[in-house]
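Take a look at the structure below.
Every read-out reported here was derived from the displayed coordinates using simple, explicitly stated rules and does not represent laboratory data. Treat the numbers as computed from the prediction; the structure is a model and nothing was measured. Positions of Cβ are backbone-derived with ideal geometry, glycine not excepted, and every protein chain shown enters the neighbour counts.
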There are 2 protein chains.
Amino acid sequence: MTSTEPQATPPARRRGRRPAGEDTRSALLAAAGEVFVEQGYDGATVRAIATRAGVDAAMVNHWFGGKEGLFAKAVLQLPFDPQQTVAALLAGDRADLAERIVRTFLTIWDTNEGGRFTALVRSMTSHDAAAQALRNFFQHMIFERIIGQLGIDQSDLRASLCASQLLGLGLVRYVLRFEPLASSDVDTVVAAIAPTLQRYLTEPIAPAAG
Amino acid sequence: MTSTEPQATPPARRRGRRPAGEDTRSALLAAAGEVFVEQGYDGATVRAIATRAGVDAAMVNHWFGGKEGLFAKAVLQLPFDPQQTVAALLAGDRADLAERIVRTFLTIWDTNEGGRFTALVRSMTSHDAAAQALRNFFQHMIFERIIGQLGIDQSDLRASLCASQLLGLGLVRYVLRFEPLASSDVDTVVAAIAPTLQRYLTEPIAPAAG
DNA sequence: GACTGCTTTCAACGCCCGATGAACAACAGG
DNA sequence: CCTGTTGTTCATCGGGCGTTGAAAGCAGTC
């Protein structure tokens, strides 16, 4: 209530360009990654992301053209090269192939980079681009290529079976957090899931009276 | 401001009680079932449900107290008694137990009643009540009871593993519609998935080095 | 036939969303 | 210094959401 002094506005950040050095764009990307993981595409609001990044919501439009563009840059990008990953997975003994796959994805999924997958899974039921990205990744980029290299029948069916188990695992472990699977260590999960994948990859799966 | 003439309203549908016989409540329940299946909890709007039912959106509040109550009545109710289902599943040969489970759920899922599961799966990533209902159903009501009757170790882990594969299957087959798994006939899917469940139910799943 | 109560529609409220455009401040180049 | 450019905030827009209260009309009762 001190009337004579007009200088009572240091806390509120003033308008105009910031004093350089602070990177609004990457702050938004980081905040978007977190919020999309926690809330999914629909649940995450542009305002919440901007608040967490400490900037105005209009910056999302300025830097990314809108919410959709931010999602594409923050979530819809692969954290690694799928072709190279597939090659690395196929490099070892085929008896351990499924184990390597499960371990690889659990490891990725547990890192910060793997948060993208959680964000995708959380968004897939409401956001078409997320669902399409998941299908394209798991089914076409990973499992069809692996199974194609194995030279075995019913490659498409096998790919969607593998995708169903791996997506179900990600869903239960990272999104719905069913216990004890959500807290089990990697070795336990690998021991449990890998034989399933190994069977989907290489063993007969036809119905009895095909 | 009110310069325009108050023209006589064209009688689209008049106000007031309808000529009896038409059941607004069940029309809303049916429409809600459809829309929740197609859109999930967040995507489905009260207005869209009411429009499909051919009534006013306010009826949702009048008959169900709100969107949440309508969801509870239309989706969050089991179309059968789980205890009885578990008993029926356990009645036969244990070697075929997993096959019976997969076949039972595929059959239910393919009927109209099974649309509730699709609605739950579509809603689980954004709506807590849906996620909780799925966990309660698959993990506690079905698999923990079955595995408990089998008298085997790690029953909780086994239950969440079974849930992961069955939820992944439902997701891929009914929501994301990955081909060819989405269009495969029941026998093919049973032949592919049942051995996985059988292993989760009864065979050793511990990691190599304890 | 009037009264009473239930059902239904209508109009509107308050809220939050994503997006827009203008005002403004810091920088870069001369 | 002055000038143009670019990054930033602010105020606001248009729209959709779930919900609400009141008016309107049918149905049953006396």
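If the cut-off is 19 Å between C-alpha atoms, which aspartates and glutamates fall inside it for A:LYS73, apart from same-chain ones fewer than 8 positions away?
Of all the aspartates and glutamates, those that pass the test against A:LYS73 - Cα under 19 Å, at least 8 places apart if same chain - are A:ASP23, A:GLU34, A:GLU38, A:ASP42, A:ASP56, A:ASP81, A:GLU113, A:ASP128.
Translational diffusion coefficient, Stokes-Einstein: compute it for region A:24-74 using the Kirkwood radius over C-alpha pairs as Rh, at 4 °C and 1.567 mPa s, and state it as an integer in µm² s⁻¹.
Diffusion coefficient, whole number: 128 µm²/s.
Using alpha carbons only, how many degrees (0 to 90, rounded to 10) separate the axis of helix A:155-170 from the longest principal axis of chain A?
Long axis of A:155-170 versus the principal axis of chain A: about 50 degrees.
What residue among B:GLU68, B:GLU99, B:GLU179 shows peak mean-square fluctuation when chain B is described by a Gaussian network model with Cα springs under 10 Å?
Of the options given, B:GLU179 has the highest mean-square fluctuation.
Does region A:140-210 come out rounded, prolate or oblate by the C-alpha gyration tensor, with a ≥ b ≥ c the root eigenvalues, rounded set by a/c under 1.5 and, if not, prolate when a/b is larger than b/c and oblate if not?
Verdict is prolate for region A:140-210.
What percent does the relative contact order of region A:79-140 come to when contacts are Cα pairs within less than 8 Å and at least six residues apart?
Result for region A:79-140 is 16 percent.
Let a ≥ b ≥ c be the square roots of the eigenvalues of the Cα gyration tensor of region B:82-202; is it rounded (a/c under 1.5), or, if not, prolate (a/b larger than b/c) or oblate?
oblate
Please build a GNM for chain A, connecting alpha carbons under 10 Å apart, and tell me which residue among A:ALA133, A:ALA95, A:ALA53 fluctuates the most.
In the Gaussian network model the winner is A:ALA95.
What are the chymotrypsin sites (Phe, Trp or Tyr not before Pro) within region A:75-137 that DSSP puts in a loop, where the Cβ has at most 15 other Cβ atoms within 10 Å?
Sparse-neighbourhood loop chymotrypsin sites (Phe, Trp or Tyr not before Pro): A:PHE80.
If I fit a long axis through the Cα atoms of helix B:24-43 and take the longest principal axis of the Cα atoms of chain B, what angle between them do I get, 0 to 90°, rounded to 10?
Around 60 degrees separate the two axes.
Is the C-alpha gyration tensor of the protein assembly as shown telling us rounded, prolate or oblate? Criteria: a/c under 1.5 is rounded; beyond that, a/b larger than b/c is prolate, otherwise oblate.
Since a/c reaches 1.5 but b/c is at least a/b, the shape of the protein assembly as shown is classed as oblate.
Quote the relative contact order of chain A in percent (integer), defining contacts as alpha-carbon pairs under 8 Å separated by 6+ residues. Don't jump to the answer; show the numbers that get you there.
Working: 183 pairs, mean separation 41.3, N = 210.
It rounds to 20 percent for chain A.
Can you give me the Rg/Rh ratio for region A:20-151, using Cα atoms for both radii and the Kirkwood formula for Rh?
Across region A:20-151, the Cα-based Rg/Rh ratio is 1.06.
Positive end of the charge dipole of the protein assembly as shown (Lys, Arg +1 and Asp, Glu -1 on Cβ, about the Cα centre): tell me which of B:GLY92, A:ALA182, A:PHE36 has its Cα farthest that way.
A:PHE36
Distance from the Cα centre of region B:71-120 to that of region B:130-169, in angstrom?
Cα centroid of region B:71-120 versus Cα centroid of region B:130-169: 13 Å apart.
Gaussian network model of chain A, Cα springs within a sub-10 Å range: biggest mean-square fluctuation belongs to which of A:GLN77, A:GLN198, A:GLN39?
Answer for the Gaussian network model of chain A: A:GLN77.
If I take every Cα pair under 8 Å that is 6 or more residues apart in region B:24-74, average their sequence separation and divide by the length, what percent do I get for the relative contact order? Walk me through the intermediate numbers first.
Details: 47 pairs, mean separation 20.9, N = 51.
Reported relative contact order: 41 percent.
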